[in-house]
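Report on the following structure.
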Amino acid sequence: MAPHDAPAIPAQGASGLSRRRLPRSFYDRSAVEVAPDLLGRTLVRILPDGARLSGTIVETEAYEPGDPASHGFRRKGLRNATMYEGPGRLYVYFTYGHHWMMNAVCMPAGVPSAVLLRAVRPLEGTGEMARRRGRDRDVDLASGPGKLCQALGVDRAQDGEDLVRGRTVWIEAGSPPDPDGIAAGIRVGVSVGLDKEWRFRVAGDPFVSKGRPGPPR
């Protein structure tokens, strides 16, 4: 059992993955620690009609205090307020004029630290994800942060959701990969902080995003 999982006996889903939610203590660490530890976990979205969508997290990025690429690098404002609300919150923001992005907030309240959820391998509700994305192939459904939010129907309404006790979005224990199967590198779409290898992914997984590391091209 991973050190930050709850000690309870896990429920098992049809796939055999643990459906126990990650506890708040899991997120109460630096984003650089949490980001690779989220790989293999199960991201769950419950739609208004009760439908359950889920996927295995295969790619993340960490953003820390003092990081020039982070939304928390400058002062707290309306857009980034959720980053300061403490561990286990969902921070959702709009970018590039048409994409929503979702992040798991880390560290104690007042410290802007978060992990961007970049890609998942779809598990449940793939038909609904395909309808929302207008795509048929599973590898096209959630292989990027904007695609992920579109596939799961996540937008500003979910900003601030409690990943530990909320009812619309949470993360379950899943089945983390072997540490040797995790690759790290520079983040995608950033023009600063290029010295930090804070993008983490399941090595060789076809559901990882195709975004090129470094500045947008």
Do you know which residues across the stretch 88-112 are more than 23 Å from R132 (Cβ to Cβ), open to solvent by 20 Å² or more (accessible area, probe 1.4 Å) and assigned to a loop (DSSP other than H, G, I, E, B)? M107, P108, A109, G110, V111
Boolean, I171 is open to solvent by 30 Å² or more (accessible area, probe 1.4 Å) and either over 16 Å from the mean Cα position of the chain (by Cα) or of a type in the set (A, V, I, L, M, F, W, C) (or both): no
First in the stretch 62-87 and on the phi < 0 side of the Ramachandran plot, second anywhere and acidic (D, E) and open to solvent by 10 Å² or more (accessible area, probe 1.4 Å), Cβ under 9 Å, 6 or more apart: A62/E33; S70/E64; G72/E64; A81/D159; T82/D159; P87/D28
Does T42 satisfy being touching an Asp or Glu at 6+ places or on another chain (Cβ under 6 Å), of a type in the set (S, T, N, Q) and at pLDDT 95 or above? yes
Answer yes or no: is there a residue in the stretch 44-55 that is over 22 Å from R165 (Cβ atoms) and open to solvent by less than 20 Å² (accessible area, probe 1.4 Å). no
Residues of the stretch 66-78 being open to solvent by 30 Å² or more (accessible area, probe 1.4 Å) and within 18 Å of the chain's Cα centre (by Cα), which ones? H71
Residue set L43, L47; condition closer than 19 Å to G211 by Cβ and aliphatic (A, V, I, L, M); output residue L43
Select from the stretch 123-140 the residues that are touching a strand residue (DSSP E or B) at 6+ places or on another chain (Cβ under 7 Å) and closer than 22 Å to H98 by Cβ and write down the one among them that is least open to solvent (accessible area, probe 1.4 Å). M129
For S143, which of the numbered conditions (1) under 27 Å from P213 (Cβ atoms); (2) surrounded by fewer than 17 Cβ atoms within 10 Å (Cβ to Cβ); (3) among the small types (G, A, S) fails to hold? (2)
Residue count for the stretch 93-152, restricted to those that are farther than 22 Å from F200 by Cβ and aliphatic (A, V, I, L, M): 3
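The values are calculated or read from the model by the stated rules, or taken from the named source; none is laboratory data. Since this is a predicted model, take the numbers as computed values, not measurements. Please note: Cβ atoms are built from the backbone with ideal geometry, for glycine as well, and neighbour counts cover all protein chains shown. Surface areas here come from the heavy atoms of the whole protein model, side chains and all, with no ligands, DNA or RNA. Shrake-Rupley method; radii C 1.70, N 1.55, O 1.52, S 1.80 Å.
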